[in-house]
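Engineer: Got a structure here, written out as structure tokens. Questions coming.
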Amino acid sequence: MTDLNELQEKINYPKTFDCVQCGYCLPACPTYETMQTETHSPRGRINLVKMLGEGKIGVEDIQEPIEKCLGCRACETACPSNVEYGQILEGAKQVIEEQKKQGKVKQQVEKALFNHMFPSRKWMDAAGHLTWLYQKSGLQTLAQLTDLTKIAPLQLGTFEKVLPKAASPTERKATPSFLPAKGKRLARVGFMSGCIMDSLFHSTNQRTIELLSIAGAEVVLPKNQTCCGALHAHSGKREAARQLAQRNIQAFEEAEVDYVVNNAGGCGAMLAEYDHLFEGEPSWDARAKVFVEKSIDVSALLHQLNYLEFTREIDEVVTYQPSCHMLHVQKVLQEPVELLSKIPGLEYREMNKKDRCCGSAGIYNVVHYEDSMSILNNKMANMKQTQAAAVITTNPGCLLQMKLGIQRAGLQDKVRVVHLVDLLMEAAPQPGKTPLN
Ligand code: SF4
Ligand code: SF4
């Protein structure tokens, strides 16, 4: 096989021909909206990848436009020719990743995060404990008062301010591995805890388990589950993503569940496409397809079970910021809004361009801070028009990004940002045990 053939295989070159260059995707693309250049549009990026596959340009020529893509996949929803942009993007990221000559320090940091930290429950627990200690000990207040957070690299100090309140080690230890259905048993579900969700949004995870149980689900938390691999796949580390997927498929098979439930749009999208990782490997491909069939977002399952009744009133105007991956990959559109409409007293106001990315996109807001803030500014202009007192989200990255937007707009005393599950729990028949963030 020649080098060019190998390259074409990696970048899914044949799929680039599905694009007929019509441009219908351009108005849906947030980076085209803010950057206004063809190379930062879906059509332009596909063209660049095609030219790379034909040997007309080098990997270095596609690097910047591809890295500035949010991976939100709004272009896929807009495309009348069903171009599989996500697969073209991941192939391009893989070849960029292979060619990158990174500094030694960056390589080591990435290796530590991707190979050791995210896949390890022990390490993610430790990260959660450290965050709790940092907040509880007064170190966070001190760091903020003395502007110490400003010296953190990559604008991490900015995001530190919007971190949710971390769960204590005692609260973490109390996580059950099994919870029976309260009332009628309608299904047996496996809960995907996630790595970031479990370490930084542990209380939301706890409430998800509780809510599922109230909604008629028997909930199991397979102990051998691990990180979904989304961050790995989206940064071109396909082999690492494959290995994590194999561990999860195995763990949930052993748990013998009807559904694999997640509460984070980004993780859910990864789980919903596990079969893409095993094309050409018949045994794993078949197992991955079964897993994909069972994989579902918590809001879609609650809607499907249709058993949960909201008994407590919430007198508040809210708006909803959907996670791109939940919308454009999992195709969960109306379920969250329909659940919100069942809460007594709640007024839902739709945000203009609500299906536009908020600019969070994994770690995009950290590595491309300025571009991400331009996208966030557009989102905030639409959010403010709703005059809502709460923004509901379904993904940890979106939640932090919207919190940041609200803080930047000086609205932190007027508007809260809440995960959908946390809000539903406020209205559900049983009270939540922990205070909301
Ligand atoms: S990706 Fe789809 S919508 Fe965009 S230019 Fe190509 S064919 Fe048209
Ligand atoms: S994934 Fe999002 S940012 Fe990237 S090209 Fe498609 S619409 Fe634009």
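Engineer: Which order, highest average first, do 325-337, 410-422 follow once you tally other Cβ atoms within 10 Å for each residue and take the mean per peptide?
Structural biologist: 325-337, 410-422
Engineer: Would you kindly derive the ³J(HN,Hα) couplings of the range 10-18 from the backbone phi angles with the Karplus curve 6.51 cos²θ - 1.76 cosθ + 1.60 (θ = phi - 60°), listing them in order in whole Hz, with x for Gly and Pro?
Structural biologist: Each residue of the range 10-18 in turn: 5, 8, 6, 3, x, 5, 5, 6, 5 Hz.
Engineer: What residues have an amide H closer than 5 Å to that of His419, excluding those fewer than 5 places away on the same chain, when H is modeled at 1.01 Å from N in the peptide plane?
Structural biologist: When sequence neighbours closer than 5 places are left aside, the close amide H contacts are Thr393.
Engineer: Moving on to the next point. At a Förster radius of 30 Å, what calculated FRET efficiency corresponds to the Cβ-Cβ distance of Glu253 and Glu9, to the nearest 0.05?
Structural biologist: 0.50
Engineer: While we're on this one: Could you go through the range 254-267 in sequence order and give the Karplus-derived ³J(HN,Hα) for each residue, using 6.51 cos²θ - 1.76 cosθ + 1.60 with θ = phi - 60°, rounded to whole Hz, and x for Gly and Pro?
Structural biologist: With coefficients 6.51, -1.76 and 1.60, one gets 4, 7, 6, 9, 7, 9, 10, 9, 10, 10, 10, x, x, 5 Hz.
Engineer: So, one more: In whole Hz, what ³J(HN,Hα) sequence does the range 325-339 give by Karplus (6.51, -1.76, 1.60; θ = phi - 60°), x for Gly and Pro?
Structural biologist: 6, 6, 6, 8, 10, 7, 6, 8, 10, 8, 3, x, 5, 5, 5
Engineer: Here are some pairs, Lys93/Lys223; Lys68/Lys100; Lys68/Lys223; Lys68/Lys379; Lys342/Lys384; which of them have Cα atoms lying more than 26 Å apart in this structure?
Structural biologist: Violating the 26 Å Cα-Cα cut-off are Lys93/Lys223; Lys68/Lys223.
Engineer: Using a cut-off of 15 Å between alpha-carbon atoms, which aspartates and glutamates can reach Lys182, once sequence neighbours fewer than 8 places away in the same chain are excluded?
Structural biologist: Hits, sequence-local ones excluded: Glu210, Glu218, Glu309.
Engineer: Next question. Provide the packing ranking of 252-259, 20-27, 223-230, 200-207, i.e. peptides ordered by the mean count of other C-beta atoms within 10 Å per residue, highest first.
Structural biologist: 200-207, 223-230, 252-259, 20-27
Readers should treat all values here as calculations from the given coordinates under stated rules, not as data from a laboratory. Just so you know, these numbers come straight off a predicted model, no measurement behind them. Backbone-built Cβ (ideal geometry, glycine too); neighbour counts: all protein chains shown.
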